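**Q** Sharing a structure here in structure tokens format.
The values are calculated or read from the model by the stated rules, or taken from the named source; none is laboratory data. These numbers were taken from a predicted model, which means no experiment stands behind them. No Cβ is skipped: glycine too gets one built from the backbone with ideal geometry, and neighbour counts run over all protein chains shown. Surface areas here come from the heavy atoms of the whole protein model, side chains and all, with no ligands, DNA or RNA. Shrake-Rupley method; radii C 1.70, N 1.55, O 1.52, S 1.80 Å.
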Amino acid sequence: MPGIIVVGSQWGDEGKGKATDQMGDRVDFCVRYSGGNNAGHTLVVDGEKYAMHLLPSGILSPNSTPVIGNGVVIDLGVLFHEIDVLTSRGVDCSNLKVSSNAHIITSYHRTMDKVTERFAGKRRIGTTGRGIGPTYSDKINRMGIRVQDLFDEEHLRQKVEAALDQKNQILVKIYNRRHIEPDEIVEELLSYGERLRPMVADTVRLLNDGLDEGKIVLFEGAQAHHLDVDHGTYPYVTSSNPTAGGACTGTGVGPTRINRVIGIAKAYTTRVGEGPFPTELLDEAGEKLRADGGEFGVTTGRPRRCGWFDALVVGASATANAFTDVFLTKLDILSGWDRIPVCVAYDVDGVRHDHLPMSQQDFTNATPIYEELDGWHEDISGCREFADLPVKAQDYVKRLEELIGTRISGIGVGPSREQTVMVHDLID
Ligand code: GDP
Ligand code: IMO
Ligand code: MG
């Protein structure tokens, strides 16, 4: 009864979509457990490129049931658009199941996200502007709108009115924006209700029954450990728990049902938005990584900040998520360097740190201490076995494995499904 969690180990965009898709054909359920359409997961299957924001990547695998768990926040316009685009490309989305407890992103959440960011000026987070933070805030404040609320008009109206009583004060008096009428929100949400209704399911029971029957459930993480609201570089984080524990709370599957936790790590580091990033490269080396890796956001198109691999960042994720395996992506992008620096410790005001400092201030002031590894120049995108990789590339992987303290079970050597070197099976 394997339960397998996929977690981003850096600041997102590690290639979680590709890693998830890799296992897709052997998986019975593929579940998104946190975040919303702030995620952008790219998959390349049979030469076709797909960008998923809300739908689980497993939707491309016909034998796997795609599920959106209770921990996800859903923008219904985006969900239906994504379904329509995939359907027009021949992908069957009719089996999608959506939790009745998942929260809904409304237009006032998107507006709040944008105005608070603009108001914050230099102190902004650099959010994706998709309404994620305000929707999770309403959830925690116990004034959110859930999927199940869409099926009772009077109840929905009361909830929207209560939320807008407060939001309109803030929007009009603080941000000088227009007053939002409850009717426009209620009408929009009701218009989605009928289409959504057949997808709504008791996803807790569905997944637990599946596990009882020996089915394989893959929990597809979005965002990453260092964007987690508890474990990340707060306040420069997202507003949910993308870490492994979030897979349990975000789906209603208990921790004893989890067999594997697979950390996805890029062979270097990237980050989108504001916040500390010790190994960031602001020179031509960073530009080369960005150009070679095509490091531009799938969701917002923003250029990603790029830097060398940071073993303290991935090591902290390995510890807190109890990784059983790491899937290392984009090793092919590192071809062509004579030497590749890897961060093995930090210097903070003259003091060496071998682990992530406890304080965010120290993390912000950390200067990386690098170990320089030998690079390789061969194109590795055609390699399929570990032994096919140039020896220097093998050594790079082995050294990262030592530094992270977790075995590297898969290695990405290109964006498409088959461009992978499997060292250990991820599902046994
Ligand atoms: P996610 O958000 O973690 O799913 O990652 P994104 O899809 O946002 O970003 C990862 C990017 O790298 C996408 O464009 C993928 O197609 C691509 N990618 C994933 N794995 C590899 C790999 O091993 N090599 C190369 N060259 N590209 C990869
Ligand atoms: P995937 O799943 C990279 C970042 C945003 C911003 C911060 C908060 O593709 O890895 P939010 O809109 O969530 O309130 O923004 O988090 N962020 C991501 N960065 N990949 C993502 O998702 C991200 N989702 C959010 O850039 O810094
Ligand atoms: Mg992404």
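**Q** Across segment 159-172, in residue order, what do the Karplus-derived ³J(HN,Hα) couplings come to in whole Hz, using 6.51 cos²θ - 1.76 cosθ + 1.60 with θ = phi - 60° and x for Gly and Pro?
**A** Once θ is set to phi - 60°, the couplings for segment 159-172 become 5, 5, 4, 4, 5, 6, 3, 7, 4, 5, 4, 5, 4, 7 Hz.
**Q** Using every Cα-Cα pair within the chain, state what percent have a distance larger than 34 Å.
**A** 30 percent
**Q** Name the shape class, rounded, prolate or oblate, that the alpha-carbon gyration tensor gives for segment 185-229, where a ≥ b ≥ c are the square roots of its eigenvalues, rounded holds for a/c under 1.5, and otherwise prolate holds if a/b is larger than b/c and oblate otherwise.
**A** oblate
**Q** Tell me, what % of the accessible area of segment 274-428 is carbon and sulfur with a 1.4 angstrom probe?
**A** 50 percent
**Q** OK, next. How much of the accessible area of segment 162-219, probe 1.4 Å, is carbon plus sulfur, in whole percent?
**A** Roughly 48 percent, rounded to a whole number.
**Q** Follow-up question, since we're still on this one. Here are some pairs, Lys49/Lys114; Lys18/Lys288; Lys18/Lys122; Lys49/Lys122; Lys122/Lys173; Lys159/Lys215; which of them have Cα atoms lying more than 26 Å apart in this structure?
**A** Over 26 Å apart, Cα to Cα: Lys49/Lys114; Lys18/Lys122; Lys49/Lys122; Lys159/Lys215.
**Q** A follow-up question, please. Could you tell me how many degrees, from 0 to 90 and to the nearest 10, lie between the Cα long axis of helix 391-404 and the main elongation axis, the longest principal axis, of the Cα atoms of the chain?
**A** Roughly 60 degrees, rounded to the nearest 10.
**Q** Magnitude of the Cβ-charge dipole of the chain, K/R +1 and D/E -1, about the Cα centre, nearest 20 debye?
**A** 960 debye
**Q** Could you put Ser61, Ser88, Ser239 in order of accessible surface area, largest first, with the 1.4 Å probe and the full protein assembly present?
**A** Ser88, Ser239, Ser61
**Q** Place +1 on the Cβ of every Lys and Arg and -1 on the Cβ of every Asp and Glu in the chain, take the dipole about the Cα centre, and give the residue among Thr42, Gly375, His155 whose Cα lies farthest towards its positive end.
**A** His155
**Q** Additional query: Once all Cα-Cα distances of segment 103-198 are split into 10 Å bins that start at 0, what whole-number percent is in each one?
**A** P(r) for segment 103-198, in whole percents per bin: 16, 48, 29, 7, 0.
**Q** Another question, if that's okay. If I model a spin label as a point 7 Å beyond the Cα along the Cα-Cβ vector, how far apart are those points for His179 and Ile140 in nm?
**A** 3.1 nm
**Q** Out of residues 5 or more away from Ile264 or on other chains, whose amide H comes under 5 Å of its own, with H placed 1.01 Å from N in the peptide plane?
**A** Those qualifying (amide H under 5 Å, at least 5 residues apart or on another chain) are Val7, Gly8, Ser9, Phe327.
**Q** Here's something else I'd like to know. So which GluC sites (Glu not before Pro) in segment 398-427 end up in coil per DSSP with only 15 or fewer other C-beta atoms within 10 Å?
**A** When the GluC sites (Glu not before Pro) of segment 398-427 are filtered for loop state and at most 15 Cβ neighbours within 10 Å, Glu418 remain.
**Q** Let me ask something additional. Would you mind computing, in nm to one decimal, how far apart the modelled labels at Phe386 and Thr87 are, each placed 7 Å from Cα along Cα→Cβ?
**A** Each label point lies 7 Å from its Cα, and together they span 4.5 nm.
**Q** So if a site counts as exposed when it's one of the trypsin sites (Lys or Arg not before Pro), its DSSP state isn't H, G, I, E or B, and it has at most 11 other Cβ atoms within 10 Å, what's the longest stretch of the chain without one?
**A** Segment 179-428 is the longest.
**Q** Specify the angular offset, from 0 to 90 degrees and rounded to the nearest 10, of the alpha carbon long axis of helix 182-196 from the longest principal axis of the alpha carbons in the chain.
**A** 70 degrees
**Q** Next up: Name the most mobile residue of Thr251, Thr135, Thr367, meaning the one with the largest mean-square fluctuation, in a Gaussian network model of the chain with Cα contacts below 10 Å.
**A** Maximum among the listed residues: Thr367.
**Q** What is the Cα radius of gyration of segment 1-45 over 2.2 N^0.38 Å, N being its residue count?
**A** Segment 1-45 yields a ratio of 1.17.
**Q** Can I ask one more? At 7 Å along Cα-to-Cβ for each site, give me the label-to-label distance between Gln360 and Arg407 in nm.
**A** So the label points at Gln360 and Arg407 sit 3.8 nm apart.
**Q** Taking the solvent-accessible surface of protein heavy atoms with a 1.4 Å probe, what is the per residue accessible area of the chain in Å²?
**A** 41 Å²
**Q** Quick check: residue separation of Ile369 and Ala51 times 0.36 nm, minus the Cα distance between them. What number comes out in nm?
**A** This chain segment gains 110.9 nm when fully extended.
**Q** Work out, step by step, the length gained on full extension between Arg118 and Asp338: first 0.36 nm times the residue separation, then minus their alpha carbon distance; give nm to one decimal.
**A** Roughly 74.9 nm would be gained on extension.
**Q** Given springs between every Cα pair under 10 Å in a Gaussian network model of the chain, which of Asn70, Asn321, Asn241 has the largest fluctuation?
**A** Checking each option, the largest mean-square fluctuation is seen for Asn321.
**Q** What's the extension gain from Glu378 to Val78 if we count 0.36 nm per residue and subtract their Cα-Cα distance?
**A** 103.9 nm
**Q** Could you work out the helix-only [θ] at 222 nm for the chain, with each DSSP H run of four or more residues adding -39,500 (n - 2.57) and the total divided by the number of residues, to the nearest 500 deg cm²/dmol?
**A** Calculated mean residue ellipticity at 222 nm is -9500 deg cm²/dmol.
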